[in-house]
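Please read the structure below before turning to the comments.
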Amino acid sequence: MKKLTGIKKIKVAVFISGAGSNLRNIIKFSKNKKSPISVNLIISNKKTAKGLKYANQNKIEKKIFNFKNISFSEKKILKILLKKKIELICLAGFMRILSKFFIQNFNGKIINIHPSLLPKYKGLNTHQRVLKNKEKFSGCTVHYVSSKLDSGKIIFQKKIKIRKNDTISSLQRRILMEEHKIYPIAINKILD
Ligand code: GAR
């Protein structure tokens, strides 16, 4: 996906479900003069998502959809994305699986961050499973979203060494710090 150098920033929607530390980080990155993106929309499937406060703090439009009727929610979201001329979707801790229909409508323009070294440890509870299996390394991955869960083409990955005394929360904390570094790198990489 090429950006028109010096003319405009790519309009991004960030989808969240929780704390939104990646969202906060992407917004920070978007505010750099040299950043290729602007964050124009925040979508959450939970009205209680703590990350929604970053929409208010940064005066970014936010929308909440409960996804109880997935097809209804997705059709509404697609309409808003079109209306706001959104060109890239960044999933950042968004814990709903998007339908094939939705993904095909935004083909090649949805990326996600996952807290493991994909293709290992797709799905939930990654840190718990990594520790249980006594892995030596873990990490995080930014990848394109395809209709198969956590299986799209990898854009950027960061590996970290697991420490003897790591717990689920220490690993989560250390990997989250790496996530904040690699999401902007991955965005720059695909828009270069
Ligand atoms: C992040 O660790 C992200 O990789 C993970 O949720 C966390 C969200 O944190 N995403 C997934 O597990 C997706 N399968 P944040 O809300 O602070 O950005």
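The values are calculated or read from the model by the stated rules, or taken from the named source; none is laboratory data. Being a predicted model, the structure only gives us computed values, none of them experimental. As a convention, Cβ positions derive from the backbone with ideal geometry for all residues, glycine included, and neighbour counts pool all protein chains shown. Accessible surface areas use protein heavy atoms only, side chains included; no ligands, DNA or RNA. Shrake-Rupley method; radii C 1.70, N 1.55, O 1.52, S 1.80 Å.
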Only residues that are modelled with pLDDT of 95 or more and of a type in the set (S, T, N, Q): list them for region 49-68, please.
ASN56, GLN57, ASN58
If we scan region 182-190, do we find a residue that is within 12 Å of the ligand (Cβ to nearest atom), under 17 Å from the mean Cα position of the chain (by Cα) and either at positive phi or open to solvent by 20 Å² or more (accessible area, probe 1.4 Å) (or both)?
no
I'd like the residue in region 13-29 that is in contact with a Pro (Cβ under 9 Å, 6 or more places away or on another chain) and either within 12 Å of the ligand (Cβ to nearest atom) or free of Cβ contacts under 8 Å to residues at least 60 places away in the same chain (or both) and, out of all such residues, is nearest to ILE43 (Cα to Cα).
ILE26
Which members of region 152-192 meet the condition of being under 28 Å from ASN107 (Cβ atoms) and out of contact with any strand residue (DSSP E or B) (no Cβ under 8 Å at 6 or more places or on another chain)?
HIS180, PRO184, ASN188, ASP192
Which numbered condition in (1) away from the ligand (no atom under 13 Å from the Cβ); (2) open to solvent by less than 70 Å² (accessible area, probe 1.4 Å); (3) modelled with pLDDT of 95 or more is the only one that LYS100 fails?
(2)
Can you find a residue that is exposed (fewer than 14 other Cβ atoms within 10 Å of the Cβ) and not in a loop (DSSP other than H, G, I, E, B) anywhere in region 160-167?
yes
Return the total of residues in region 76-95 being in contact with a Lys or Arg (Cβ under 9 Å, 6 or more places away or on another chain) and open to solvent by 90 Å² or more (accessible area, probe 1.4 Å).
3
Hey, PRO115 hits all of (1) touching an Asp or Glu at 6+ places or on another chain (Cβ under 8 Å); (2) closer than 17 Å to VAL12 by Cβ; (3) within 16 Å of the ligand (Cβ to nearest atom) but one; which does it fall short on?
(2)
Can you spot a residue in region 119-139 that is touching a strand residue (DSSP E or B) at 6+ places or on another chain (Cβ under 7 Å), of a type in the set (Asp, Glu) and at pLDDT 95 or above?
no
How many residues, within region 130-142, are outside any strand (DSSP E or B) and open to solvent by less than 80 Å² (accessible area, probe 1.4 Å)?
3
Could you tell me whether SER73 is out of contact with any helix residue (DSSP H, G or I) (no Cβ under 7 Å at 6 or more places or on another chain), crowded, with 18+ Cβ neighbours inside 10 Å and at pLDDT 95 or above?
yes
Across region 143-156, the tally of residues that are open to solvent by less than 70 Å² (accessible area, probe 1.4 Å) and either farther than 15 Å from CYS90 by Cα or in a loop (DSSP other than H, G, I, E, B) (or both) stands at 5
Suppose the filter is in contact with a helix residue (DSSP H, G or I) (Cβ under 9 Å, 6 or more places away or on another chain), modelled with pLDDT under 95 and of a type outside the set (Lys, Arg); does PHE106 pass it?
yes
